[in-house]
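Undergrad: Let me begin by handing over the structure; questions about it come next.
The values are calculated or read from the model by the stated rules, or taken from the named source; none is laboratory data. Values in this document were obtained by computation on a predicted structure and should not be read as measured data. Neighbour counts are summed over all protein chains in view; Cβ atoms, including those assigned to glycine, are modelled from backbone coordinates with ideal geometry. We work out accessible area using only protein heavy atoms, side chains counted, and drop any ligands, DNA or RNA first. Shrake-Rupley method; radii C 1.70, N 1.55, O 1.52, S 1.80 Å.
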Amino acid sequence: MKRSEQKPSPKCEGSKSNGPNRKQDAQENKRRPASAKSKPETKKTHEPSTSKQGKPTDKSEKQRSPVTPLIKKQPVECEKKKSPAQTANKKQADKCEKEKSSSTPVEKKHTDKNEKQKPAAKKSDRKYTDKSEKQKPPFKTLDKKPTDKCVKEKSQSTSLDKETAKDTAPVNTILKERLSGHQDKCKLSMEEVSPAARAINSFINEFIKELKEISSLNWSSFKSGSYYDKTKNCHPDEFDIMFYPILSVEVNFDDMKIPGFYKVKMVSPRVPELEHVLDKDRYILPDKFKKYVFGLFDRVLGPDGIRQGRRTKRKPTLNPCSPAYTVYYYAFPGKSPIDIDLVPSFYIDGWPPGKIARKINPSWISIDDVVNKAMISYDVVCKTCPEGGADKDLLFRLSFSRTEKMLVKHANSADKLNFKKNAFRFIKLCVQDLKDKHPRKVKKFCSYHIKQFMFTQYDTWPTRESEEVRIQRCLIGELIKTLSLETPTILNYIIINDNVIRYVPSDEIAVIVKGLQEKVKLLH
């Protein structure tokens with residue numbers, strides 16, 4: 001009945017203007033429902049679609065306010081394509097949608113009015129709408145990806161135990177031998193270890209002795225780094241030594257704008273030798289303190305200093321933000337020098353507040369009292385803060401080298417597989433290979449970042465026995481996922497909200513991710 005109501009419409013209107021069949025048209029007008037007469041706008045919309053010449057002939061159409069030909073033409077073409085016989089045609093719907101999107105604002109307003117007067121969309125119209133959604137710019141898709149990544153960032157620390165359990169890839173003899181071969185590359189040669197250890201101990205003892213003779217301060221030292229926590233790879237050719245005066249200082253934790261960086265105040269009574277490195281409020285200026293101590297190091301290793309100083313050469317400072325005074329120590333004639341980082345610092349008794357540093361309680365350490373001893377002190381070093389701020393020149397960097405050394409040293413104490421430190425060393429070796437391959441691209445990502453990542457993985461270490469190959473490839477897979485986040489994040493294991501890789505350039509991280517993806521293939 002609806003079809004019979006719509007078709008006579010143009011015929012009737014045409015009969016009024018042309019003359020023939022007027023009586024027949026009058027009878028059809030009487031039979032037409034009242035509802036059809038009360039909706040002239042809807043009738044006008046359908047009129048052009050049934051006209052053979054494509055030109056409206058309605059009298060009321062002529063009496064309407066004038067519309068520009070462009071406005072008039074656009075709805076006509078669209079309405080043609082929206083006829084029930086053609087709406088199901090996908091190609092015609094696409095063409096109509098394109099024409100709509102290119103219409104002027106006036107056209108859009110006119111079309112919207114007609115759309116409101118149409119009945120609810122049918123299933124065929126729904127296909128049309130879905131297609132038009134696909135043709136829109138992909139801003140929704142782009143918005144969705146960051147959202148997914150944000151979710152990953154909130155739950156970035158996936159349980160290694162669960163990941164290992166889900167790993168169903170086979171582990172054969174070839175893979176075991178391949179991993180074993182890489183582990184053999186990590187091992188230190190005992191023929192090198194003992195002589196290097198004796199040479200470094202002699203160097204430190206002489207260094208401290210000379211330092212006390214040229215300075216009125218009571219100096220002490222602490223040996224840190226991978227050699228002393230047993231995670232050093234290949235050769236005993238790198239050592240980290242912290243030197244600090246025995247003085248009373250305190251850290252001001254009131255300003256928490258930059259995680260890990262805080263002001264340090266001198267608490268000890270007047271210290272003439274260091275008065276020039278203090279501001280008016282007795283806060284220590286880290287840059288002035290570092291330069292002063294570096295000057296002392298120059299004298300210790302100079303012509304009038306210790307005997308070992310004649311076999312040292314200072315390494316050019318490539319990074320002015322570094323807290324280390326680095327020297328090459330030619331301990332053994334005809335062999336490569338030993339790289340020694342001498343780091344000025346301040347030793348501090350106690351533990352920072354809970355809002356600054358969390359109290360660790362790792363289940364992977366089973367030796368009594370190790371954890372308690374690991375939280376009795378910390379240090380501050382003169383690492384320049386990369387971020388701006390009003391008190392940037394007063395900020396020291398917190399250092400938990402003492403705590404980290406104890407944690408790594410006893411990492412295997414509760415591990416039946418005795419594999420935690422080997423896994424750490426293997427990833428370090430992979431990254432070092434990338435540094436050797438891309439020396440200009442991989443500069444800032446270092447073993448300290450890997451260490452913080454490993455601490456988190458140790459917390460979810462597999463409790464059931466599993467193949468070392470499976471654990472290792474899951475570890476590298478987790479590191480790849482962590483570095484592939486929209487904002488790559490490796491959280492400091494101790495300092496709250498401290499992303500330790502926030503200053504590593506994105507292009508460098510991209511090189512590391514690509515390299516690790518190649519490395520993990522060796523274990524599949």
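Undergrad: Output the number of residues of the range 239-271 satisfying the condition of being open to solvent by 70 Å² or more (accessible area, probe 1.4 Å) and at pLDDT below 95.
TA: 5
Undergrad: Further question: Could you list, in sequence order, the residues of the range 458-514 that are open to solvent by 20 Å² or more (accessible area, probe 1.4 Å), among the basic types (Lys, Arg) and more than 13 Å from the chain's Cα centre (by Cα)?
TA: ARG464, ARG470, LYS514
Undergrad: Scan the range 331-343 for residues that are in a strand (DSSP E or B) and either open to solvent by 60 Å² or more (accessible area, probe 1.4 Å) or of a type outside the set (Asp, Glu) (or both) and report the count.
TA: 4
Undergrad: Looking at ASP368, ASP415, ASP393, ASP379, which is the one that is at pLDDT below 95 and either in contact with a helix residue (DSSP H, G or I) (Cβ under 7 Å, 6 or more places away or on another chain) or closer than 21 Å to TYR448 by Cα (or both)?
TA: So the residue among ASP368, ASP415, ASP393, ASP379 that is at pLDDT below 95 and either in contact with a helix residue (DSSP H, G or I) (Cβ under 7 Å, 6 or more places away or on another chain) or closer than 21 Å to TYR448 by Cα (or both) is ASP393.
Undergrad: Scan the range 314-330 residue by residue and report those that are within 21 Å of ARG299 (Cβ to Cβ) and either touching a helix residue (DSSP H, G or I) at 6+ places or on another chain (Cβ under 7 Å) or surrounded by 11 or more Cβ atoms within 10 Å (Cβ to Cβ) (or both).
TA: ARG314, LYS315, THR317, SER322, PRO323, ALA324, TYR325, THR326, VAL327, TYR328, TYR329, TYR330
Undergrad: Okay, next question. Are there strands (runs of 3 or more DSSP E) fully within the range 222-322 with at least 1 residues that are aliphatic (A, V, I, L, M)? List them.
TA: In the range 222-322, the matching strands (runs of 3 or more DSSP E) lie at 238-245, 249-252, 261-266.
Undergrad: If you go through the range 372-394, how many residues are without any contact (Cβ under 8 Å) to a residue 40 or more places away in the chain and charged (D, E, K, R)?
TA: Going through the range 372-394 one residue at a time, the tally reaches 2.
Undergrad: Also, I was wondering about something else. Which residue is farthest from LYS437 (Cα to Cα), if the candidates are limited to the range 515-524 and must be open to solvent by 50 Å² or more (accessible area, probe 1.4 Å) and in a helix (DSSP H, G or I)?
TA: LYS521
Undergrad: Count, please, the residues in the range 161-198 that happen to be without any contact (Cβ under 8 Å) to a residue 60 or more places away in the chain, surrounded by 14 or more Cβ atoms within 10 Å (Cβ to Cβ) and not hydrophobic (A, V, I, L, M, F, W, C).
TA: Selection size over the range 161-198: 1.
Undergrad: Next up: Would you call GLU191 closer than 25 Å to GLY334 by Cα, at pLDDT 95 or above and charged (D, E, K, R)?
TA: Here the answer is no, as GLU191 does not meet what is asked.
Undergrad: Here is a list: ASP436, ASP379. Which entry is surrounded by fewer than 16 Cβ atoms within 10 Å (Cβ to Cβ) and farther than 26 Å from GLU163 by Cβ?
TA: ASP436
Undergrad: Regarding ALA331, is this residue out of contact with any Leu (no Cβ under 8 Å at 6 or more places or on another chain) and in contact (Cβ under 8 Å) with a residue 40 or more places away in the chain?
TA: Considered against the rule, which asks whether it is out of contact with any Leu (no Cβ under 8 Å at 6 or more places or on another chain) and in contact (Cβ under 8 Å) with a residue 40 or more places away in the chain, ALA331 comes out as yes.
Undergrad: Another one. Go through the range 279-295 and give me each residue that's over 18 Å from ASP341 (Cβ atoms) and touching a Phe, Trp or Tyr at 6+ places or on another chain (Cβ under 9 Å).
TA: Once the filter is applied, which keeps residues that are over 18 Å from ASP341 (Cβ atoms) and touching a Phe, Trp or Tyr at 6+ places or on another chain (Cβ under 9 Å), the range 279-295 yields only ILE284.
Undergrad: Among the residues of the range 251-268, are any within 30 Å of HIS182 (Cβ to Cβ) and hydroxyl-bearing (Ser, Thr, Tyr)?
TA: No: zero hits.
Undergrad: If you don't mind, there's one more thing I want to ask. Looking at the range 160-212, which of its residues are of a type in the set (Gly, Ala, Ser) and over 36 Å from the mean Cα position of the chain (by Cα)?
TA: The answer is SER189, SER194, ALA196, ALA197, ALA199, SER202.
Undergrad: Checking ALA423 against (1) without any contact (Cβ under 8 Å) to a residue 60 or more places away in the chain; (2) in contact with a Phe, Trp or Tyr (Cβ under 7 Å, 6 or more places away or on another chain), which single condition isn't satisfied?
TA: If we test ALA423 against (1) without any contact (Cβ under 8 Å) to a residue 60 or more places away in the chain; (2) in contact with a Phe, Trp or Tyr (Cβ under 7 Å, 6 or more places away or on another chain), just (2) comes out false.
Undergrad: Which one of ARG402, ARG425, ARG397 is touching a Pro at 6+ places or on another chain (Cβ under 9 Å) and surrounded by 18 or more Cβ atoms within 10 Å (Cβ to Cβ)?
TA: ARG397
Undergrad: Continuing with this model, one more query. Just name the residue that is most open to solvent (accessible area, probe 1.4 Å) out of those in the range 346-360 that are within 26 Å of LEU217 (Cα to Cα) and in a loop (DSSP other than H, G, I, E, B).
TA: Result: TRP351.
Undergrad: Six or more apart or on different chains, Cβ under 6 Å: which pairs go from a residue in the range 266-285 that's of a type in the set (Lys, Arg) to one that's open to solvent by less than 40 Å² (accessible area, probe 1.4 Å)? Could you list them?
TA: Hits for this filter: ARG282/MET266.
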